[in-house]
Amino acid sequence: MWKYIKPYLPFAILAALFMIAEVSMDLLQPSIMQRIVDDGVLGANNNGVGDINLILRLGIIMICLVLFGGLCGSLNNVFVHKSGQNIGNLIRKDCFGKIMTFSFPQVDKFGTGSLVTRVTNDITQVQNFVATFVRGFIRTFLLTFGSIFFMFRLNTQFGIIVLCAFPIIVGVLALCLWKANPRFSKLQAHLDKINAVMQEDISGIRMIKACVREVYEKLRFNKANDDLIKTQLEVLVIFAFMNPIMNILMNAVVVLILLSGSYQINSGSGATPGNIMAGITYTTQLLNGILMLVMLFQNISRGYASWKRVREILHSQAQLTDGEFDGNTEIKGQIEFKDVSFSYPNSSVKILSNINLSIKQGETVAIMGATGCGKTSLVNLIARFYDVSEGSVLVDGVDVREYKQTALRDKIAVALQKSELFRGSIADNIAWGVTADIEQVKTASQIAQADDFISRMKDGYDTLVAERGMSLSGGQKQRIAIARAVLKNSEILIFDDSTSALDLTTEARLYEALRQSRSNSTKILIAQRIASVRSADRIVILENGTIGACGTHEDLLKSCKTYRDIYDSQMSEEAEKNG
Ligand SMILES: Nc1ncnc2c1ncn2[C@@H]1O[C@H](COP(=O)(O)OP(=O)(O)OP(=O)(O)O)[C@@H](O)[C@H]1O
Ligand SMILES: [Mg+2]
């Protein structure tokens, strides 16, 4: 935390100084009030003759003190927020940067909902915590102990009364916080759940409507919401009972001061009416201080619970440690799987076992296999989205674990199975973060067979894409994702089932364009249709996590029963379609 506070420490110190000035003004007022009553009104030191000039003089001083105190309070607020907001901003940027370094399993472990809550709500709680700490802690501390000190100076008996009540008040406060504290962590966990449900439901709203699951999802959301409200109410109830208890205690103190004061006046042993008035004002200030202490501890407890959650992100160690190698190799576009076995982290199921496969530069290798057999898992190892469990994956002759991850991924362009588009123009989505002129974007789109449909749109390449590409068809999204991968012009191109929504003619044109324009790039295509893979240099058949067969279309038709079965079934489907 210190790392984030340090740059803004001057603001925090200035805030503290202004706060000290503000509280000092508050603490001076009851003493002046006492003199106004005793000397100005009652003339206690002048045989009962009041002094109107003194009242005016002290009144003006009091107003000036209030004005000065108010000014200091405002300046304190300005500097409190300058430090709180800036610290929050710094933490938020660091958290986001850290999340960007997370490996896939780390993102899965936290969950998207929880990550969003942590970067938004939790950091806001931390921000409040810093602000309350700087503003509230100093104010409360000074107001509480200042009031007790001035009370003693005013009248020893009053001081003793307040001092006796103090441990009881602090005890009640501690009890409430002890009860409320565990609930703050629970509150944030419930917020995580709400965010997770919200995220799933809003992004999947089309599916919910198509399957008429609105009521089901509403119930799921209501359950998450009810859990949050239940915990929130528990906290509020605890503090709702605490405030009246505090009030009762403080009023009891006021009554005791009145009793003691009147006893002292009657017995002529010190106290004056002004004394009693000032005593009551100090008690009120003390009450304010203590009530603020309650709020303060609430914010501190909640802020601390949130800070622990934010810290989990900040302290997460990158699971995939970067290697040293900067990716400068003689060979380009060569891939080798050496005895590779793979299980997902925290799972004992072996997805891939003993994979041996060597792919040369410029080769086109297609991967086929039943759904869930591990095709995506296999290609994910090339870009090191996951680490192998056994064996090694080499790119251009170097183990992927030895590369700097950015250097490795610079060599590879991937069009994922589920294309991700972002809000922005089509051109921005294709270029996406790299500087490319419109001609380059157009060329990539032409290869991806996307230029036709984009040019036919009213705004062409400037057409805005809705969130997650919702305004485009499945095949259009796929082609934009392919154009993005093609534009990168890297040594290795991986298409994970990314032409599944294209008709066979468009798909064939795409592969032909790729062959011509990216002849030097190594291409790995995952596909389900024979038509998509038949022209590949080699076709790999994945079966039960191992390579069942490998060869050209003709080889496999002769030697691989699985391939022949797929071929026969797809051919008969085609024949049926063609009548
Ligand atoms: N993140 C993950 N954590 C744990 N298991 C996973 C994860 N992703 C996939 N799996 C499991 O690994 C197996 C292989 O998944 P993979 O996505 O590689 O299959 P696939 O061959 O690409 O299938 P498809 O053709 O449907 O895309 C599946 O049984 C799946 O349940
Ligand atoms: Mg897949």
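What the table below lists for this structure:
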{"quantity": "Qualifying residues in region 289-348 (those that are assigned to a strand (DSSP E or B) and of a type outside the set (A, V, I, L, M)) - the one modelled with the lowest pLDDT", "calculated": "Phe325"}
{"quantity": "Members of region 194-243 found to be of a type in the set (Val, Ile, Thr) and either assigned to a helix (DSSP H, G or I) or in contact (Cβ under 8 Å) with a residue 12 or more places away in the chain (or both), listed by number", "calculated": "Ile194, Val197, Ile202, Ile205, Ile208, Val215, Ile229, Thr231, Val235, Val237, Ile238"}
{"quantity": "Residue check for Ala508: assigned to a loop (DSSP other than H, G, I, E, B) and within 30 Å of Ile480 (Cβ to Cβ)", "calculated": "no"}
{"quantity": "Pairs with Cβ under 9 Å, 6+ apart, first in region 1-14 and within 26 Å of Arg309 (Cα to Cα) and free of Cβ contacts under 8 Å to residues at least 40 places away in the same chain, second crowded, with 18+ Cβ neighbours inside 10 Å and among the aliphatic types (A, V, I, L, M)", "calculated": "none"}
{"quantity": "Residue in region 49-61 that is free of Cβ contacts under 8 Å to residues at least 24 places away in the same chain and of a type in the set (S, T, N, Q) present", "calculated": "yes"}
{"quantity": "Residue ID - farthest from the chain's Cα centre (by Cα), chosen from residues in region 494-529 that are surrounded by fewer than 20 Cβ atoms within 10 Å (Cβ to Cβ) and within 16 Å of ligand 2 (Cβ to nearest atom)", "calculated": "Arg529"}
{"quantity": "Of all residues making up region 465-489, the number that are modelled with pLDDT under 90 and either outside any helix (DSSP H, G or I) or closer than 25 Å to Asp410 by Cα (or both)", "calculated": "10"}
{"quantity": "Test result for Ala501, away from ligand 1 (no atom under 16 Å from the Cβ) and under 16 Å from Glu420 (Cβ atoms)", "calculated": "no"}
{"quantity": "Residue in region 513-535 that is nearest to ligand 1 (Cβ to nearest atom), counting only those that are outside any helix (DSSP H, G or I) and of a type in the set (Gly, Ala, Ser)", "calculated": "Ala527"}
{"quantity": "Residue selected from region 58-106 under the condition among the aliphatic types (A, V, I, L, M) and under 30 Å from Val388 (Cβ atoms), by the criterion modelled with the lowest pLDDT", "calculated": "Met100"}
{"quantity": "The listed residue being among the polar types (S, T, N, Q), buried (at least 17 other Cβ atoms within 10 Å of the Cβ) and either within 14 Å of ligand 1 (Cβ to nearest atom) or in the same structural domain as Gly372 (by TED's automatic domain parsing) (or both), out of Ser348, Ser343", "calculated": "Ser343"}
{"quantity": "Qualifying residue in region 248-264 (condition: out of contact with any Lys or Arg (no Cβ under 7 Å at 6 or more places or on another chain), farther than 30 Å from Cys176 by Cβ and without any contact (Cβ under 8 Å) to a residue 60 or more places away in the chain)", "calculated": "yes"}
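Yes/no matrix, rows are residues, columns are (1) out of contact with any Phe, Trp or Tyr (no Cβ under 9 Å at 6 or more places or on another chain); (2) within 16 Å of ligand 2 (Cβ to nearest atom); (3) without any contact (Cβ under 8 Å) to a residue 24 or more places away in the chain; (4) assigned to a strand (DSSP E or B):
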residue	(1), (2), (3), (4)
Leu357	no, no, no, yes
Gly372	yes, yes, yes, no
Leu378	no, yes, no, no
Thr406	yes, no, yes, no
Ser455	no, no, yes, no
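The values are calculated or read from the model by the stated rules, or taken from the named source; none is laboratory data. From a predicted model like this one, the values you see are computed outputs, not experimental measurements. Don't worry about glycine lacking a Cβ; one is built from the backbone with ideal geometry, like all the others, and counts go over all protein chains shown.
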